[in-house]
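The values are calculated or read from the model by the stated rules, or taken from the named source; none is laboratory data. What you are looking at is a predicted structure, and each value in this text was computed from that prediction instead of being measured. Cβ coordinates were reconstructed from backbone atoms using ideal geometry, including for glycine residues, and neighbour counts include every protein chain displayed.
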Amino acid sequence: MDRNAITVALPKGRLLPDCIRLLSAVGMRTTEEIDTSRKLLFSSEDGSARILVVRDKDLPTYVEYGAADVGVVGKDVLMESGADLLEPADLGFGFCRIVVARPASISGREDPTGWGHMRVATKYPRITTDHFASRGEQVEIIPLYGSIELAPLVGLADRIVDLVSSGETLRQNNLAEVEEVARITARLVVNRASMKIKSDRLAPLIQAIRQETEREQRGVNQTRTGR
């Protein structure tokens, strides 16, 4: 392993296959299959990088504290962590949304200014608090980390703030979207000190990732327009 090797953190879960594909496209390949191995630490074929596979919620901490120089993480995790990181690229994949939802049995799209005494269940307490506070509204946050959709159905909360893709889970649980809080995609994040100390390694990697992301987006747009 190169003494000056950079360390890249990747998240376990749904973003990992796209992360592996992206790194391979920019020439960072490993000697082992990351997505099928139980190992958590890998080396690139040329020894210029080591790759960590960590829990997505832990990834900003690994990068912020310098255990990794660069990483890929969902914008939702990044927003919730509050980590002080550089964010040089929106990678485009992993699209989903954070939304406010309520029981579908409540008719009409209610005036958000009337939510001041609402209880809101969420696994995103920071994002939820900031969202309502930005409009001068105070809500009681109920932190949950599983089965968020159940909370309004059993009277634990009046609303939920959660991550959705198609919205099918909301519909199956008789919930309706009230408003969108944020649109989420995977982001490239970089440790601030590493960007200065290892700029000769990181700058070309960031540029290559940006170019590959732009190339892929052009391909998507051409497919959509039928060209």
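Remarks
- Options LEU202, LEU188; residue that is part of a helix (DSSP H, G or I), touching a helix residue (DSSP H, G or I) at 6+ places or on another chain (Cβ under 9 Å) and buried (at least 20 other Cβ atoms within 10 Å of the Cβ): LEU202
- Unmet criterion (only one of (1) outside the structural domain of VAL77 (by TED's automatic domain parsing); (2) at pLDDT below 95; (3) under 30 Å from ASP69 (Cα atoms)) for GLU110: (3)
- Condition check for GLY82: buried (at least 22 other Cβ atoms within 10 Å of the Cβ) and under 14 Å from the mean Cα position of the chain (by Cα): no
Yes/no matrix, rows are residues, columns are (1) surrounded by fewer than 12 Cβ atoms within 10 Å (Cβ to Cβ); (2) among the polar types (S, T, N, Q); (3) over 25 Å from ASP90 (Cα atoms):
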{"residue": "ASN4", "(1), (2), (3)": "yes, yes, yes"}
{"residue": "ALA9", "(1), (2), (3)": "no, no, no"}
{"residue": "LYS12", "(1), (2), (3)": "no, no, no"}
{"residue": "PRO17", "(1), (2), (3)": "no, no, no"}
{"residue": "ILE20", "(1), (2), (3)": "no, no, no"}
{"residue": "THR30", "(1), (2), (3)": "no, yes, no"}
{"residue": "ILE34", "(1), (2), (3)": "no, no, no"}
{"residue": "ARG38", "(1), (2), (3)": "yes, no, yes"}
{"residue": "PHE42", "(1), (2), (3)": "no, no, no"}
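- Taking strands (runs of 3 or more DSSP E) as the structural unit, those lying wholly within the range 39-86 and holding at least 2 residues that are at pLDDT 95 or above correspond to 49-54, 70-74.
- Any hit, the range 131-144, residues being assigned to a strand (DSSP E or B) and touching a residue at least 60 places away in the same chain (Cβ under 8 Å): no
- In the condition set (1) aliphatic (A, V, I, L, M); (2) over 14 Å from the mean Cα position of the chain (by Cα); (3) within 22 Å of THR169 (Cβ to Cβ), ILE51 is compliant with all but (3).
- Residues that are of a type in the set (A, V, I, L, M, F, W, C) and modelled with pLDDT under 95, drawn from the range 177-190: VAL178
- When the residues of the range 139-185 are filtered to those that are among the polar types (S, T, N, Q) and over 28 Å from GLY71 (Cβ atoms), the one that is surrounded by the most Cβ atoms within 10 Å (Cβ to Cβ) is ASN173.
- Checklist (1) modelled with pLDDT of 95 or more; (2) touching a strand residue (DSSP E or B) at 6+ places or on another chain (Cβ under 8 Å); (3) not assigned by TED's automatic domain parsing to the domain that holds THR61 applied to HIS117, failing item: (1)
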